[in-house]
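What follows is a short report on a single structure.
Any read-out appearing in this document is the output of simple, stated calculations on the displayed coordinates, not a laboratory observation. These numbers come from a predicted model, not from an experiment. Please note: Cβ atoms are built from the backbone with ideal geometry, for glycine as well, and neighbour counts cover all protein chains shown.
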Amino acid sequence: MNVEQLLAKVPTGVYIGGQWRETGETFDVENPATGEVIATLASASSDDARAALDAACDVQEEWARTSPRERSNILRKAFELVTERAEEFATLMTLEMGKPLSEARGEVTYGAEYLRWFSEEAVRDYGRYAPSPEGNLRMLTVKKPVGPCLLITPWNFPLAMATRKVAPAIAAGCTMVLKPARLTPLTAQYFVQTMIDAGLPEGVLNVVASKSASAISEPLMADRRLRKVSFTGSTPVGVTLLKAAADNVLRTSMELGGNAPFIVFADANLDKAVEGAMAAKMRNIGEACTAANRFIVHKDVAEEFAHRFAEKIEALNLGNGLEEGVTCGPLVEKKAQDSVAELVDDAVEKGAKVLCGGKKLEGNGYFYAPTVLVDVPREARVAQEEIFGPVAPVITFSTEDEAVAIANDTEYGLASYVFTESQRRMMRMSHRLEFGLMGANLGVISNAAAPFGGVKQSGMGREGGAEGIEEYTSIQYIGLEDPFASE
Ligand code: NAD
């Protein structure tokens, strides 16, 4: 199938109450590798958003009553369909987001796993039955779906960020309004079509792509029928949504930004560290919330580490991700390219040295040369802000205490990485680092079966793992009479 045939399979409307429909307005989707418009989609208005919530509310009660097995079977079928359509999903993601096809295939496998994992969790979400300590009653707890949810996803992992929310919501029995990112809605549109093909009943999942995110979130979050918002995206937008959520005391899950430290001790296996660094930094062109942001390396090995890392980075093949052999794609849009360039320029002005890269690439598309910076002062913006691009600043340390202090000196707390051959130090670091995730001699640790999420300004709540379904359930306690009390 060629690209035109694939794009023709992607629905262009909003999907509300079981119908794809057009709206009054449209917006374009670009390929960041070429700057070309690849699709034009219907843009949902606030009225469309309200209609989507109406549809979700209409079927919430009935959907909550379906058996866990029925919901599990739909998720299992969806896992199989996404897997069958892997090449189509991968191509769509490369087209709209820019990541190389091989990485997009990896995301399909990862994203599909959430469907399989929650198809298995759907039938194992138990409550409990216990005597009260005094023996005067029996305590029964049951888990109920929280109710209609608004799910807002970012552009960097267009499939996995959607399956990570939709799958547990389905498993728990919630209905949904999904709002994908404006930059990468095509994958979500095709995913929703795939859920329909897997047998999801009308109204359970509605999708409203829009050129204005707040036109969707504001009316829905002000509507008392909405019971939950699950958001993955930047911290400033997360804070805005949390404030809006307070008015209606909405349940929230917030997967926000990161500023991951990647710590290499002097006793680390440098082969493993360099390999881990490539994965933690370069996966997704550095546009990942888990991306290593600060390379904090012991002074005795910093030079060797930086040179070996730079050698591998220079060997990357930049280009259009659809082309054979390309290992690094463009940034998602011009704004992203400009902001990465500003961070590097600021670091250089403050004394950092460029070991490789350090510039935008001329021509079509939003390419930035993968970059290693050394002698980066801690006050440089690149050492403090989320970079979201292929830039690796190296900072040195002398003692473990210093490494911990540098690593924790951020308002973020999502991913962290530690490389050492000492098991005791590794465990100690896990206690000392204020991050929701830690890779121990590993550069990529995401897994559908693991709880993913941050602390501090990286958010709250966990996605995936046994914990993921809890975000979509609330517990009801029923006090029962003591069955042994005299009649
Ligand atoms: P973003 O915050 O700009 O957008 C995320 C989503 O929110 C998009 O769908 C966008 O349209 C929507 N949005 C934007 N403004 C909004 C508003 N005022 N009201 C409601 N919705 C709004 O983030 P992004 O640029 O798409 O994604 C990158 C960010 O996401 C990074 O900070 C990254 O770290 C974070 N991220 C976090 C995780 C995680 O699991 N913690 C995963 C992936 C990405």
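Miscellaneous remarks
- Segments 382-389, 351-358, 4-11, 110-117 sorted - mean Cβ within 10 Å per residue, highest first: 110-117, 382-389, 351-358, 4-11
- For Gly436, net neighbour charge (Lys/Arg +1, Asp/Glu -1) across residues whose Cβ lies under 13 Å away: -2
- Here is the list for segment 421-487: chymotrypsin sites (Phe, Trp or Tyr not before Pro) lying in DSSP coil, each with at most 13 other C-beta atoms within 10 angstrom of its C-beta, are Phe484.
- Exceedance of the 25 Å cut-off in Cα-Cα distance is limited, within the set Lys99/Lys281; Lys77/Lys165; Lys179/Lys335; Lys99/Lys211; Lys9/Lys334, to Lys9/Lys334.
- Highest average packing first - 284-296, 25-37, Cβ atoms within 10 Å: 284-296, 25-37
- Segment 411-440 and segment 65-79: distance between their alpha carbon centers, rounded to Å: 37
- Reported to the nearest whole Å, the Cα centre-to-centre distance from segment 89-153 to segment 192-252 is 16.
- Karplus-derived HN-Hα couplings along segment 259-274 (A = 6.51, B = -1.76, C = 1.60, θ = phi - 60°), whole Hz, x at Gly and Pro: 8, 5, x, 10, 9, 10, 7, 5, 8, 5, 7, 5, 4, 5, 5, 5
- Note, ³J(HN,Hα) from phi for segment 57-73, Karplus 6.51, -1.76, 1.60, rounded to Hz, x at Gly and Pro: 5, 4, 9, 4, 5, 5, 5, 5, 7, 5, 6, x, 5, 4, 5, 4, 5
- Residue list for segment 341-377, given a label point 7 angstrom along the Cα-to-Cβ vector of Ala405 and an amide N cut-off under 18 Å: 376-377
- Rounded FRET efficiency, nearest 0.05, which uses the C-beta distance separating Lys360 from Lys312 and R0 of 22 Å: 0.55
- Straightening the chain between Thr240 and Arg425 buys 62.7 nm, computed as 0.36 nm per residue apart minus the Cα-Cα spacing.
- Dipole size of segment 349-487 about its Cα centre, with +1 on Lys/Arg Cβ and -1 on Asp/Glu Cβ: approximately 920 debye, rounded to the nearest 20.
- Summed residue charge, Cβ within 13 Å of Ser102's Cβ, Lys/Arg positive, Asp/Glu negative: -2
- Fraction of beta bridges assigned by DSSP in segment 344-487 that are antiparallel (%, nearest 5): 40
- Within the chain, percent of DSSP bridges classed antiparallel, to nearest 5: 45
- At R0 = 35 Å, FRET efficiency that the Cβ-Cβ distance of Lys272 and Val3 yields, to 0.05: 0.35
- Under the Karplus curve 6.51 cos²θ - 1.76 cosθ + 1.60, θ = phi - 60°, whole-Hz ³J(HN,Hα) for segment 421-438, x wherever Gly or Pro sits: 8, 8, 5, 5, 5, 4, 5, 4, 4, 4, 6, 7, 7, 9, 9, x, 9, 9
- The chain - mean residue ellipticity at 222 nm from DSSP helices (-39,500 (n - 2.57) per run, n ≥ 4, rounded to 500): -12000 deg cm²/dmol
- Distant-in-sequence amide contacts of Ser43, defined by a placed amide H-H separation under 5 Å and a gap of 5 or more residues or a different chain, comprise Thr23, Glu25, Thr26, Phe27.
- Ordering 190-201, 65-76 by mean Cβ neighbour count within 10 Å, with the highest value first, yields 190-201, 65-76.
- Applying the criteria of a DSSP loop state and at most 12 other Cβ atoms within 10 Å to the GluC sites (Glu not before Pro) of segment 317-379 yields Glu324, Glu362, Glu379.
- Taking a straight Cα-Cα cut-off under 17 Å and skipping sequence neighbours fewer than 8 places away in the same chain, the lysines within cross-link reach of Lys143 are Lys228.
- Computed over neighbours whose Cβ is under 11 Å from that of Val146, the net charge equals +3, Lys and Arg +1, Asp and Glu -1.
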